[in-house]
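Q: Attaching a single structure in structure tokens format; questions to follow.
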Amino acid sequence: MTGEEVLAPVSETETLRQQLLQAQRLSSVGELASSIAHEFNNILTTIINSAKLGMRNPDPSDKQSAFERVIKAGQRAAVIASGMLGFARKSGSHRQNCDIARLVEEVQILTEKDLMKHRIHVDTKFISRPRAWAVPGQIEQILVNLVLNARQAMPTGGRLKIEVRENAAGDTVEVKVADTGLGIPPEQMRQIFEPFFTTKQPDEYGRGGTGLGLSVCRQIVEQHQGRIRVESVVGKGSTFTLKLPKRLPDDPE
């Protein structure tokens with residue numbers, strides 16, 4: 001068997017893996033699209049009304065205030081659009097020295113309106129701002145999946161807590177995503193990371209879960225030589241803990 005014959009299947013597997021990650025990422029974008037479209041409609045309403053006030057009001061200070069609202073709303077729209085496009089397009093497997101707390105903040109921008117729409121209050125706690133050599137788009141994908149899963153586990157609203165800390169003893173970065181939702185029955189705990197396993201019921205549009213979200217999370221974590229674990233109590237909620245090594249042996253200094 002030639003060297004090319006050995007390498008070809010590996011390359012094909014990696015291509016398929018990247019396609020799966022991208023497909024799942026776009027699925028997450030679809031989950032957020034309705035809330036983001038609603039937010040853009042609110043922003044456009046603010047821009048239009050403020051612009052009309054600025055044009056009609058003869059007082060220079062009132063005009064200035066109105067146009068400042070237009071600029072602020074436009075900047076808000078630009079941040080949301082940039083975050084959404086960046087998340088949808090990020091691909092590849094190049095590791096960078098990432099501020100993990102910053103990745104959490106970027107995910108908050110993407111999911112903020114969706115969580116507000118579903119009456120979910122978010123508590124974010126950065127005990128430190130640790131850095132890790134990771135693929136930023138893939139870590140964001142894990143975080144978006146965990147946040148969306150938490151939201152779906154709280155159909156009548158609730159509280160979501162996201163915590164970032166550095167574990168100096170283990171030389172790792174830890175991110176916890178905890179909800180006050182339905183919880184996971186013990187008999188399902190062993191299956192939740194398996195491909196195509198889902199307990200999600202179809203929503204008002206007939207869309208259910210794909211069963212790929214947590215499977216993709218585990219795949220990404222294993223690629224980073226990290227770990228993901230879950231603790232859950234039925235009726236009280238679940239906590240997912242993501243542990244990433246700050247540096248892998250082949251990472252640059």
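The values are calculated or read from the model by the stated rules, or taken from the named source; none is laboratory data. If you're wondering where the values come from, they're calculated on a predicted model, not measured in any experiment. Cβ: placed from backbone, ideal geometry, glycine included. Neighbour counts: every protein chain shown.
Q: Given the criteria assigned to a helix (DSSP H, G or I) and touching a Leu at 6+ places or on another chain (Cβ under 9 Å), does ASP123 qualify? Step through it out loud before you land on a result.
A: Details: assigned to a helix (DSSP H, G or I): no; touching a Leu at 6+ places or on another chain (Cβ under 9 Å): yes.
Here the answer is no, as ASP123 does not meet what is asked.
Q: Out of everything in region 75-101 that is assigned to a helix (DSSP H, G or I) and surrounded by fewer than 14 Cβ atoms within 10 Å (Cβ to Cβ), what residue ends up being modelled with the lowest pLDDT? Explain how you work it out, then say what you get.
A: Residues of region 75-101 assigned to a helix (DSSP H, G or I): 75-89, 100-101.
From what's left, surrounded by fewer than 14 Cβ atoms within 10 Å (Cβ to Cβ): 75, 78-79, 81-82, 85, 89.
Details: GLN75: 84, ALA78: 84, VAL79: 77, ALA81: 78, SER82: 74, LEU85: 70, ARG89: 65.
Looking at the filtered set, the residue picked out is ARG89.
Q: Being part of a strand (DSSP E or B) and buried (at least 21 other Cβ atoms within 10 Å of the Cβ) is the filter here; which residues of region 126-159 pass it? Working first, answer last.
A: Step one: of region 126-159, the residues part of a strand (DSSP E or B) are 126, 131-134, 158-159.
Result: ALA132, ALA134.
Q: Output the residues belonging to region 114-125 that are farther than 18 Å from GLU166 by Cβ and surrounded by fewer than 19 Cβ atoms within 10 Å (Cβ to Cβ).
A: Of the residues in region 114-125, the ones farther than 18 Å from GLU166 by Cβ are 114-123.
MET116, LYS117, HIS118, ARG119, HIS121, VAL122, ASP123 - these are the residues of region 114-125 that are farther than 18 Å from GLU166 by Cβ and surrounded by fewer than 19 Cβ atoms within 10 Å (Cβ to Cβ).
Rundown of residues vs (1) assigned to a helix (DSSP H, G or I); (2) touching a residue at least 40 places away in the same chain (Cβ under 8 Å), yes/no style:
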{"position": "LEU115", "(1), (2)": "yes, yes"}
{"position": "LYS161", "(1), (2)": "no, no"}
{"position": "VAL164", "(1), (2)": "no, yes"}
{"position": "VAL173", "(1), (2)": "no, yes"}
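Q: Follow-up. Could you please let me know if GLY54 is among the small types (Gly, Ala, Ser), over 27 Å from GLY137 (Cα atoms) and touching a helix residue (DSSP H, G or I) at 6+ places or on another chain (Cβ under 9 Å)?
A: Details: among the small types (Gly, Ala, Ser): yes; over 27 Å from GLY137 (Cα atoms): yes; touching a helix residue (DSSP H, G or I) at 6+ places or on another chain (Cβ under 9 Å): yes.
For GLY54, the condition - among the small types (Gly, Ala, Ser), over 27 Å from GLY137 (Cα atoms) and touching a helix residue (DSSP H, G or I) at 6+ places or on another chain (Cβ under 9 Å) - is met.
Q: Same structure, new question: If you scan region 36-58, which residues turn out to be under 10 Å from ALA73 (Cα atoms) and modelled with pLDDT under 85?
A: Scanning region 36-58 gives PHE40, ASN42, ILE43.
Q: Identify, please: which residue in region 175-201 is of a type in the set (Asp, Glu) and either assigned to a loop (DSSP other than H, G, I, E, B) or over 19 Å from the mean Cα position of the chain (by Cα) (or both) and is, among those, modelled with the highest pLDDT?
A: Residues of region 175-201 that are of a type in the set (Asp, Glu), as a first pass: 179, 187, 194.
Among the residues that remain, those that are also either assigned to a loop (DSSP other than H, G, I, E, B) or over 19 Å from the mean Cα position of the chain (by Cα) (or both) are: 187, 194.
Values: GLU187: 87, GLU194: 79.
Among them, the one singled out is GLU187.
Q: Is it true that ILE139 is under 11 Å from the mean Cα position of the chain (by Cα) and at pLDDT 90 or above?
A: Values: under 11 Å from the mean Cα position of the chain (by Cα): yes; at pLDDT 90 or above: yes.
So ILE139 passes the test.
Q: Select from region 125-156 the residues that are polar (S, T, N, Q) and touching a residue at least 40 places away in the same chain (Cβ under 8 Å) and list them in ascending order. Quick ask: steps written out before the conclusion?
A: Looking only at region 125-156, we keep the residues that are polar (S, T, N, Q), and these are 128, 138, 141, 145, 149, 152, 156.
The answer is GLN138, GLN141, ASN145, ASN149, GLN152.
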